[in-house]
1. Can you list the residues, at least 5 places off or on another chain, whose amide H is less than 5 Å from the amide H of Ala117, using H built in the peptide plane?
2. Return the long-range amide H neighbours of Ile148 (sequence gap of 5 or more, or a different chain), with a cut-off of under 5 Å between placed amide H atoms.
3. Could you list which residues have their amide H under 5 Å from that of Ile122, counting only those 5 or more apart in sequence or on another chain, with H placed in the peptide plane?
4. Mind checking which lysines have their Cα closer than 22 Å to the Cα of Lys130? Skip sequence neighbours fewer than 8 apart in that chain.
5. Evaluate the distance, in nm, between pseudo-label points positioned 7 Å from the Cα of Glu204 and of Asp12 along their respective Cα→Cβ axes.
Amino acid sequence: MMGGFDMANLRDELAEAIESWLKTRKNSSLQVLSNLSSVPYSSIRRIVQKEVSASATNAMQIAAVIFPRKEGAQFILKHYPETGIFYADQQQNIEPVVTESKIRLSRDEFLTLSLAATEAGISPESLKQKIGERSEICMRRLLDAELIKYDPDGNLKAIRESFRFIDLDLLLDEIRHIADLFDESKIDEWGSLIRIRTEGFSLEAKRKAHKILTDADDALAELMHDKKNLGPYVMAYGIVSTFLSSPKSEAQP
């Protein structure tokens, strides 16, 4: 027992869950799980062999891949109650879920994956028109990482409709890519916005700003996941806000 939790039970349950995932998933392997979860292969191998118990971070990243959303949240809540609350909260409005590959996506790979995640997907020819000869490398890397596939019509389609980036650096990378891909010719058109503001806030205003941003994100996510809204306008958005300074003794909400 450690910190009130049965670490041996966690070790055994996670190892068995990984083994079950490997048996039910075509072309699966520990290396594929490593790529999808961003957990080192050596760590996963030791977990499966029941040599070690997974850290909370590794357990969350693995659970996001091998479990359906609700089961993953239940697993983390069971073994890491405090961490699990955060994990379960982050799982809301994200279905289906898969973590990104261990590969760090370039701007062109991000664009390829985003276009492949649309209802129609994108043809290799159209992709080549957008990014040129680099399209061949992008397609190969994303195919090898099992993030995209060819549909019966020969178009590139994402394996899953929705993707979640567990790693903060990867998430920030994708937001940078959105900024790089911003079409200046369409500035201030519907859905095409770029803004920046800074101001000093009270704690109450800070909380209100947080709610405004999260409510906007939830509303946009709902709009994107509603099948009746599907169409030819491929939109990407990223929300970033940060506090450039905070009081040293900041009160907790």
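1. When sequence neighbours closer than 5 places are left aside, the close amide H contacts are Ala158.
2. Amide H to amide H, under 5 Å and 5 or more residues apart or across chains, Ile148 pairs with Leu143, Ile159.
3. For Ile122, whose amide H was placed from the backbone, the distant partners under 5 Å are Leu156.
4. Lys149, Lys157, Lys186
5. According to this spin-label approximation, the distance is 5.4 nm.
Any read-out appearing in this document is the output of simple, stated calculations on the displayed coordinates, not a laboratory observation. The model shown is predicted, which means the values in this text are computed figures rather than measured ones. Don't worry about glycine lacking a Cβ; one is built from the backbone with ideal geometry, like all the others, and counts go over all protein chains shown.
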